[in-house]
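The values are calculated or read from the model by the stated rules, or taken from the named source; none is laboratory data. Computed from a predicted structure; not experimentally measured. Here the Cβ is made from the backbone with ideal geometry for all residues, glycine too, and neighbour counts use every protein chain on show. Note: accessible area is taken over every heavy atom of the protein model, side chains too, but ligands, DNA and RNA are not part of it. Shrake-Rupley method; radii C 1.70, N 1.55, O 1.52, S 1.80 Å.
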Amino acid sequence: MKLSVVVPTYNLGSYVKALLENLANQTVPFELWLIDDGSTDGTFAQLSEFAKSNSDFHAVQLEHRGVSVARNYGLSHATGDGVVFVDGDDMIAPSFVEMLGKGLNTGAVMAAVGYEWYRRPATQSDSFIELNQKTAFDQVSQRGTEFGGYVWNKAFRTSAIRSANLSFDESLHLAEDYLFTSTFVANTPGQYVYLPKLLYTKRNRPGSTIHMASRQDRQEENQVFQQIYELQKLIN
């Protein structure tokens with residue numbers, strides 16, 4: 001089970017250095033797509049230099065069109081059995097990729113691990129918890145759950161993404177990850193697994209999308225969640 005890790009970046013400055021170090025210290029091989037969204041601060045130079053260290057690592061710079069465009073580029077080029085999305089200003093544990101791969105190896109269509117962002121896993125464990133499709137949807141369609149609707153603490157089976165013809169909505173400024181994850185679950189019957197172990201750390205960065213969101217963005221986010229709730233009708 002080889003995973004493709006997709007990392008979107010935009011003007012991350014020194015923040016990206018920590019993640020690159022984390023990626024270099026992963027315990028298993030993986031394919032890496034570093035997709036820069038038209039940075040102007042030298043971020044891409046760091047990515048390009050890092051990618052030279054491994055033939056499975058790729059650094060690409062696009063015109064500045066948003067995180068969803070960057071993620072979609074990485075997704076369309078990923079060749080792994082599973083796809084992992086990591087935000088460029090966050091941090092991951094050395095076993096992050098390995099444990100997500102083990103989760104998919106159980107036969108699951110999606111694997112998730114514990115994260116720290118205003119909350120931590122209620123308990124720490126080295127054993128995967130199994131969820132059915134309905135329970136998984138209940139978790140990913142609500143804000144702030146332990147499993148989370150975010151894409152960055154998860155691995156998605158590539159064949160299931162392709163089967164659902166799924167990509168990120170490039171028109172959205174917020175909640176595009178919730179919509180992607182919820183649409184995946186709503187369209188993908190099967191087993192889901194969660195490892196309640198802290199392997200992903202979300203960092204609060206001034207100037208990030210969530211901190212710069214406008215009132216209009218927040219209204220758009222609420223509309224996205226209404227769309228997500230409608231997806232529940234697809235689950236038997």
Taking the stretch 108-170, the equivalent ellipsoid from its C-alpha gyration tensor has semi-axes in Å, biggest first, of 21, 14, 11
Taking 0.36 nm per residue of separation between R218 and L198 and subtracting their Cα-Cα distance, the length gained on full extension comes to 4.3 nm
Among I35, Y200, S76, the residue whose Cα sits farthest towards the positive end of the charge dipole of the chain, when +1 is placed on the Cβ of each Lys and Arg and -1 on the Cβ of each Asp and Glu, is Y200
Quotient of Cα radius of gyration and Kirkwood radius for the stretch 1-67, i.e. Rg/Rh, equals 0.95
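Per DSSP helix of 4 or more residues, -39500 (n - 2.57); summed, then divided by the residues of the chain. What does that give at 222 nm, rounded to the nearest 500?
Details: 8 runs with 81 residues, N = 236.
The per-residue figure over the chain is -10000 deg cm²/dmol.
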Ordered by number, the GluC sites (Glu not before Pro) in the stretch 1-107 that occupy a DSSP loop and have at most 11 other Cβ atoms within 10 Å are E63
Rounded to one decimal in Å, the inverse mean reciprocal Cα-Cα distance for the stretch 44-113, i.e. its Kirkwood radius, is 14.0 Å
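Keeping every protein chain in place, order K102, K154, K202 by accessible area at 1.4 Å, biggest value first, i.e. largest first.
Values: K102 95, K154 0, K202 35 Å².
Result, largest first: K102, K202, K154.
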Under 16 Å by backbone N from the virtual spin label 7 Å along Cα-to-Cβ at R65, the residues of the stretch 168-207 are 168-173
The number of Lys pairs in the chain whose alpha carbons lie under 23 Å apart, excluding pairs fewer than 8 residues apart on one chain, is 16
Here the Cα Rg-to-2.2 N^0.38 Å ratio for the stretch 1-126 is 1.04
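Accessible area per residue of the chain at 1.4 Å probe, in Å²?
Numbers: 10620 Å² over 236 residues.
Result: 45 Å² of accessible area for each residue.
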The percentage of the accessible area of the stretch 96-236 (probe 1.4 Å, all protein chains present) made up of carbon and sulfur atoms, to the nearest whole number, is 46 percent
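Express in nm, to one decimal, how much length is gained between K52 and K134 on full extension, taking 0.36 nm for each residue of separation and deducting their alpha carbon distance.
Numbers: separation 82, 0.36 × 82 = 29.52 nm, distance 4.27 nm.
Length gained, K52 through K134: 25.2 nm.
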By the Kirkwood definition, with r running over pairs of different Cα atoms, the chain has a hydrodynamic radius in Å of 17.7 Å
With all protein chains in place and a 1.4 Å probe, H64 shows an accessible area in Å² (nearest 10) of 110 Å²
Along the dipole axis of the chain (charges at Cβ: +1 for Lys and Arg, -1 for Asp and Glu; origin at the Cα centre), the most positive-end residue among H173, F128, F156 is F128
Measuring from its Cα centre, the stretch 2-95 shows a charge dipole (+1 at each Lys and Arg Cβ, -1 at each Asp and Glu Cβ) which, in debye to the nearest 20, is 120 debye
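Can you give the charge dipole size of the chain about its Cα centre, rounded to the nearest 20 debye, using +1 on the beta carbon of Lys and Arg and -1 on the beta carbon of Asp and Glu?
Dipole about the Cα centre, nearest 20: 440 debye.
Taking 0.36 nm per residue of separation and subtracting the Cα-Cα distance, what length does fully extending A164 through N25 add? Before the final figure, lay out each step's value.
Numbers: separation 139, 0.36 × 139 = 50.04 nm, distance 3.28 nm.
Length gained between A164 and N25: 46.8 nm.
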Taking max minus min of the Cα coordinates of the stretch 81-127 on each principal axis, largest first, gives extents in Å of 31, 27, 18
Here the net charge surrounding F30, from other residues whose Cβ is less than 10 Å away from its Cβ (Lys, Arg +1; Asp, Glu -1), is -2
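How many percent of all Cα-Cα pairs in the stretch 108-236 sit more than 27 Å apart?
Numbers: 1496 of 8256 pairs.
Tail fraction, whole percent: 18.
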